[in-house]
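Here's the structure we're looking at; comments come further down.
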Amino acid sequence: MIDRRPQAGRELVQQSNKLLRRGQLEEAATLIETARKIEPENPVILEKLISLYLKLKRAGDAEREAMSLISVEPLRPLGHFYLASSLKRRHRRVEALEHAKRAAELDPGNKRFSDYVSELSERPKSSRVKPVEIPSDESRARDLAASIGRRNRIKNPNSDTVRINGERLAQVLATEIEKVFGSNPETAILDFGAAAGRVSIPLARLLPRSRVTATDVDAEAVEFLRLTAPENIKSQLNGFSPPLSWEADSFDCVFAISVWSHFADHLSMKWLEELRRITRPGALLLISTQGDACFQHLRKTKSSWAKFTREQYLTDRYFYRDYPGASTEDVNWPGITQAASWGITVMHPDYIKEKWGALFEVLEIREQGTGGKQDLVIMRRLG
């Protein structure tokens, strides 16, 4: 059993330092891995673990933990530097350069970072040694899609069902966006909780003059987007809790599909406050929620929900139940494990008008407005 006392993580780090001085890298890494389980969002522990993985030539593990570090602290320069180092060792030089530049931007006086940018910018020298066979983007994307498809939260982005549902939702959103901004507008759009681009990819094709940014907590989903998205999409990893890395007033429109249908109330309101910060006055927000239709469906299909009555729904106006395993099963819930609650959330329209209306003008709550069972909340950010 893991000792989860707050000081236990620090004690493990101290023990690992002694092992490092004796050159026992594998043993030191094992201790830091345990420390990470105790303090999963401690950036110092994450940095030490990544450094050890790189020394042990475990570039894949280093990449995964660097992604986690950036998720916890998007503006931490060393996180981007370590990710660049990991990607270079995995023969993904273009992506490595992107993160090396980001590290140098965040810490412009750091010569180590600027030198690494210069090194990655140089054309690799020719060699008579047979080059390593590097998987193509198409092959990598296919592997990522299969891995993503095994998640509890995200379905395989290459499946016909996901594609058809995404295209349907994109058409719904494009219609609302064009009502406000005109036909094929030049707008800055954020897909919050984009997963592997189920909606953002078809939306970007419907609105080719708009710039779509897709963000998610799942590192593999974000990488899949980078490999497969059209040119007017950029993807970025975000943490499970605010803030995002963008400046205030960055977006004309934000949409979120099947995100607020899973947030607990405290996190729901924190993220709405963050969306208010990054949107411009007059911005459009399109957020799906689970209302009456979903509540009735849950009562019929899930035994744990059968006990709730319609009278309770009308009186309480808000229900939340955690997903089993969401806080402990990292393979199925990457980016969520140990971070916070994630479950099934049902909200009555009156609850949304009261709570969300304190931050935005709630224009409409369209019952089953997504074309499925979920409702569509349409809001505007006032000045």
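General observations
- The H on the amide N of Leu363, modeled in the peptide plane, is under 5 Å from the matching H of Ile378, Met379, Arg380, each at least 5 residues off or on a different chain.
- Per the Debye calculation on the chain with a single equal scatterer at every Cα and no solvent contribution, log₁₀ I(q)/I(0) for q = 0.06 Å⁻¹ amounts to -0.26.
- Anchor Lys101: aspartates and glutamates whose Cα lies under 12 Å away (excluding residues fewer than 8 positions away in-chain): Asp115, Glu119
- Most fluctuating residue given options Asp191, Asp322, Asp160, as computed from a GNM of the chain linking Cα atoms under 10 Å: Asp160
- In this structure, the residue pairs whose Cα-Cα separation is over 20 Å, taken from Lys55/Lys88; Lys270/Lys355; Lys155/Lys373; Lys18/Lys48; Lys179/Lys234; Lys270/Lys353, are Lys179/Lys234.
- More than 22 angstrom apart: percent of Cα pairs within segment 6-121: 33
- Counted charge near Ile344, where neighbours are those whose Cβ lies closer than 15 Å (Asp, Glu -1; Lys, Arg +1): +2
Read the figures in this text as sums done on the coordinates, not as results from a lab. Because the structure is a prediction, the values reported are computed rather than measured. Positions of Cβ are backbone-derived with ideal geometry, glycine not excepted, and every protein chain shown enters the neighbour counts.
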